[in-house]
Amino acid sequence: MTSDLSDDLFGTDIADKAKAIIARYPRSRSALLPMLHLVQSVEGYVSVDGIAFCADQLDLTTAEVSAVATFYTMYKRKPCGEHLVSVCTNTLCAALGGDAIYDGLRKHLGRDGKALGHEQTSGEPGEPGSITLEHAECLAACDLAPVLQVNYEFYDNQTPESALDLVKQLQAGKKPDPSRGAPLTDFRQVELQLAGFLDGRESDVDGPSAAPETLRGAKIAHEKGWTAPAMPDSVSFPALPEKK
Ligand code: FES
């Protein structure tokens, strides 16, 4: 479906990308998650206009799109900065310094003596050096705690000092290499990648994602010839209901 809305707000390039996303799925509504990343790549968040664009393209109601967009924390409801900094403050990271990291960054990025709040932005959203700060639940890197992410790329084994230095570098326009994974870009570029558009830079996002700490147990088991016990033959699982 094409509409004036897509042309006016998101341009023909984004409307074409939306069509390419929709073409990946047997049913257009299945394309909603990457479509929401696509609109975030344009505006830095999912705006009311972005919701209307998705609804229009996917033949959904705006209520249906809103219900999905407000469920997942990766879809932002306010414009994000050039970079999104997510500090893990879940139990393990918090105990090992995540809370101190978050507090230090809140104070550094705040203004007039007021610390920055969750999902608030220092600087003009989208402008160079602007930073949106959030605290995050477990980022699935507990063996490297405390961790933070910038635009979903990992910076492992952080301290309040190293995190502050990292954020200062981001504010100065630098893009320090993450501990692993893809090189750092910016929030909107990553949103485009999450929508499935790599612009010929596939090799750039194909960095190693596992740290040596994560693989250490498997490596020791391999060296010692350890294997998991086989499942006993007597174990049986209940039959799954037929798929309708
Ligand atoms: S508690 Fe921080 S990565 Fe799991």
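The values are calculated or read from the model by the stated rules, or taken from the named source; none is laboratory data. Since we're looking at a predicted model, the values are computed, not measured. Glycine gets a Cβ as well: all are built from the backbone with ideal geometry, and neighbour counts include every protein chain shown.
Is it true that Ile101 is in contact (Cβ under 8 Å) with a residue 60 or more places away in the chain and buried (at least 19 other Cβ atoms within 10 Å of the Cβ)? Yes; evaluated as a whole, the condition is true for this residue.
Of all residues in the stretch 82-97, how many are among the hydrophobic types (A, V, I, L, M, F, W, C), within 8 Å of the ligand (Cβ to nearest atom) and more than 17 Å from Leu166 (Cβ to Cβ)? Show your work before the answer.
Start the filter on the stretch 82-97 by keeping residues that are among the hydrophobic types (A, V, I, L, M, F, W, C), which leaves 84-85, 87-88, 92-96.
Filter once more, keeping what is within 8 Å of the ligand (Cβ to nearest atom): 88, 92-94.
The next check asks that each one be more than 17 Å from Leu166 (Cβ to Cβ); those that pass are 92, 94.
Residues flagged as among the hydrophobic types (A, V, I, L, M, F, W, C), within 8 Å of the ligand (Cβ to nearest atom) and more than 17 Å from Leu166 (Cβ to Cβ) within the stretch 82-97 amount to 2.
Between Leu109, Leu105, the distinction of being in the same structural domain as Ser162 (by TED's automatic domain parsing) and either touching a Phe, Trp or Tyr at 6+ places or on another chain (Cβ under 8 Å) or more than 16 Å from the ligand (Cβ to nearest atom) (or both) belongs to Leu109 only. Figure legend. Inter-residue proximity from the stretch 66-84: first residues within 26 Å of Gln169 (Cα to Cα) and among the aromatic types (Phe, Trp, Tyr), second residues buried (at least 16 other Cβ atoms within 10 Å of the Cβ) and modelled with pLDDT of 95 or more, beta-carbon distance below 6 Å, spacing 6+ or different chains. Indicated pairs: Tyr75/Leu36; Tyr75/Val46; Tyr75/Ala69. Any residue in the stretch 162-176 that is within 16 Å of the ligand (Cβ to nearest atom) and of a type outside the set (Gly, Ala, Ser)? No, because not a single residue in the stretch 162-176 is within 16 Å of the ligand (Cβ to nearest atom) and of a type outside the set (Gly, Ala, Ser).
Checking the conditions here, which among Ala140, Ala145, Ala115, Ala100 is modelled with pLDDT of 95 or more and near the ligand (Cβ under 9 Å from one of its atoms)? Show your work before the answer.
On the way: Ala140 fails: modelled with pLDDT of 95 or more; Ala115 fails: near the ligand (Cβ under 9 Å from one of its atoms); Ala100 fails: near the ligand (Cβ under 9 Å from one of its atoms).
Answer to the check: Ala145.
Remark: pairs (first residue in the stretch 137-160, in contact (Cβ under 8 Å) with a residue 24 or more places away in the chain; second residue more than 10 Å from the ligand (Cβ to nearest atom) and of a type in the set (D, E, K, R); Cβ separation under 7 Å; 6+ apart in sequence or on different chains) = Asp143/Glu213; Leu144/Glu213; Asn151/Asp186; Phe154/Arg180. In the stretch 43-63, which residue that is hydrophobic (A, V, I, L, M, F, W, C) and in a helix (DSSP H, G or I) is farthest from Arg77 (Cα to Cα)? So the residue we want is Leu58.
Would you confirm whether or not the stretch 201-213 contains a residue that is surrounded by fewer than 16 Cβ atoms within 10 Å (Cβ to Cβ), of a type in the set (Val, Ile, Thr) and over 19 Å from Ser41 (Cβ atoms)? Scanning the stretch 201-213, I find no residue that is surrounded by fewer than 16 Cβ atoms within 10 Å (Cβ to Cβ), of a type in the set (Val, Ile, Thr) and over 19 Å from Ser41 (Cβ atoms), so the answer is no.
Kindly indicate the residue of the stretch 115-163 that is within 17 Å of Thr185 (Cβ to Cβ) and among the polar types (S, T, N, Q) and also farthest from the chain's Cα centre (by Cα) among those meeting that condition. Walk me through it before giving the result.
Looking only at the stretch 115-163, we keep the residues that are within 17 Å of Thr185 (Cβ to Cβ), and these are 125-132, 148-155.
Next, from what is left, pick out any that are among the polar types (S, T, N, Q): 130, 132, 149, 151.
Details: Ser130: 17, Thr132: 13, Gln149: 9, Asn151: 6 Å.
Among those that are within 17 Å of Thr185 (Cβ to Cβ) and among the polar types (S, T, N, Q), it is Ser130.
Does the stretch 179-192 contain any residue that is among the polar types (S, T, N, Q), within 16 Å of the ligand (Cβ to nearest atom), out of contact with any helix residue (DSSP H, G or I) (no Cβ under 7 Å at 6 or more places or on another chain) and not in a strand (DSSP E or B)? Within the stretch 179-192, one or more residues are among the polar types (S, T, N, Q), within 16 Å of the ligand (Cβ to nearest atom), out of contact with any helix residue (DSSP H, G or I) (no Cβ under 7 Å at 6 or more places or on another chain) and not in a strand (DSSP E or B).
Close contacts from the stretch 180-193, counting a first residue that is modelled with pLDDT under 95 and a second that is part of a helix (DSSP H, G or I) and acidic (Asp, Glu), with Cβ to Cβ under 8 Å and a gap of 6+ residues or different chains, come to Ala182/Asp204; Pro183/Asp204.
For the stretch 26-42, give me each residue that is of a type in the set (Lys, Arg) and part of a loop (DSSP other than H, G, I, E, B). Walk me through it before giving the result.
Going residue by residue through the stretch 26-42, those that are of a type in the set (Lys, Arg) are 27, 29.
Correct list: Arg27 only.
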